[in-house]
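The values are calculated or read from the model by the stated rules, or taken from the named source; none is laboratory data. Predicted model only: the values in this text are computed from it and were never measured. Ideal geometry is used to build each Cβ from the backbone, glycine not excepted, and the neighbour counts take in all protein chains shown.
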Amino acid sequence: MARSRFTAFVTSLSFFVIVALVAGVGVGAFAQSADLPWLTGTLGVIESLGQVWLNALRITVMPLVFSLLVTGIVSIADAAATGRIAGRALMVFAVLLVGATVYAILAGLGLLAIWPIDPEAGRDLLAGVSADTAATVGAAAHTDGLRAFLNSLAPSNLIKAAADDGVLAVVVFAVAFGFAATRIRTDLRRPLAGFFEAVAETMVVIVHWVLLAAPFGVFALALGVGLRAGLGVAGTLAQYVAILCLSQLGLILLTYLVAVVWGRVPLGRFARAVAPAQVVAVSTQSSLASLPVMIERARDWLGVPQATGGLVLPLAVAVFRITSPVANLGVCLYVAQLHGIELSLGVLVAGGLTALAVSIASVGLPGQVSFFASVGPIALAMGLPLEMLPLLLAVEVIPDIFRTVGNVTADLAVTRIVQGREVTAEE
């Protein structure tokens, strides 16, 4: 009940965040054109408060990701132990997530090659971010190269790595810790998982508190953009939204193909089966809210027995988010081109591995909540600055619709695939 109220709160907050973004850029642009020193000075102080808000979001990233990875891996191991169908579902999840990650990199790089960011518009947008970004960009070089990538996987001091934003090392250790936890006695594993679940929920509460100030935080950060870049940044942000939506639309179309080929279901039948669930996904931006409709459509339209759908679909909603690597890597690739950062193969591999881990650790909440906790670790693993993320979060409401639609479509496709051979034999 508390989580549903939280979801409703964030959905209603989205409107005010977008208004704050537009107002911040507009007020900043007005101050720039008015050329009033006292006004620009005052707005500069407000902009610095926006940096405080950004830091409040950043501080939750490491404990949240670590806790969610541990509890996610333990829950997956418990699900696999429930039987053959669950184990088959987890195998299908893994195959599709790896495929989605490879697609994310190819699609993101391809779209940005076809439709590159205008250099002048990009410089205008970057003119509004903190001067500290330059130092962060410089740190990207340290993640470049295979040797540096391998060294980052196992640092000698995990605490120091976390303090230095070495998120990949934290992710690797969290994965190892989570799998190790599945090997201990049940009476020890349950309280351990409960502890990390409590830590994750506590971090979500802190994020909730920080998001209460999201309109002010986004307004303060957008002031800097308006002061230094003016109103010309609107086109660059619109391009970002379009690229993210196009990459996810491509994934949704590929999901239809996978359902037809691997799930052995006619295209028209699958499209009619998923349509009502997609409508609920658009209106609620929640896979969980779409679950009752998905169970009904899987049973009545895809020929999946109630027992199978009742097991696979809740499991998919809990741990399988196929759009997560696509959307999150899309954000990072856009930020990299915006800053003019060349991404080596090692950096792309680091980003892909982190995106896979984050897809398991993602909280089942609207994208405005999980955006920073999901994209931040990937950006840090790739050596990218984070200062642009709050502005991109402000327009996340549109890509988040495509995230949810893609997840719901893939959940139904996976359910058909898992039961596919039995259904085909019966039909």
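Tabulated values for the structure
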| quantity | calculated |
| --- | --- |
| Criterion (touching a residue at least 24 places away in the same chain (Cβ under 8 Å) and within 19 Å of the chain's Cα centre (by Cα)) met by exactly one of Val282, Val304 | Val282 |
| Check on Arg264, of a type in the set (Lys, Arg), touching a residue at least 12 places away in the same chain (Cβ under 8 Å) and assigned to a helix (DSSP H, G or I) | no |
| Residue satisfying condition, being in a helix (DSSP H, G or I), at pLDDT below 80 and buried (at least 24 other Cβ atoms within 10 Å of the Cβ), within set Leu315, Leu329, Leu288, Leu311 | Leu315 |
| Residue pairs meeting the criteria (Cβ under 8 Å; at least 6 apart or on separate chains; first of a type outside the set (Lys, Arg), in region 93-104; second surrounded by 14 or more Cβ atoms within 10 Å (Cβ to Cβ) and not in a helix (DSSP H, G or I)) | Phe93/Phe320; Leu96/Phe320; Leu96/Ile322; Leu97/Phe320; Leu97/Ile322; Ala100/Ile322 |
| Arg88 vs. criteria modelled with pLDDT of 75 or more, of a type in the set (Lys, Arg) and not in a helix (DSSP H, G or I) | no |
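Quick grid of which residues meet (1) in a helix (DSSP H, G or I); (2) touching an Asp or Glu at 6+ places or on another chain (Cβ under 6 Å); (3) modelled with pLDDT of 85 or more:
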{"residue": "Val170", "(1), (2), (3)": "yes, no, no"}
{"residue": "Ala198", "(1), (2), (3)": "yes, no, yes"}
{"residue": "Trp209", "(1), (2), (3)": "yes, no, no"}
{"residue": "Phe216", "(1), (2), (3)": "yes, no, no"}
{"residue": "Ala222", "(1), (2), (3)": "yes, no, no"}
{"residue": "Gly232", "(1), (2), (3)": "yes, yes, no"}
{"residue": "Leu237", "(1), (2), (3)": "yes, no, no"}
{"residue": "Thr255", "(1), (2), (3)": "yes, no, yes"}
{"residue": "Phe270", "(1), (2), (3)": "yes, no, yes"}
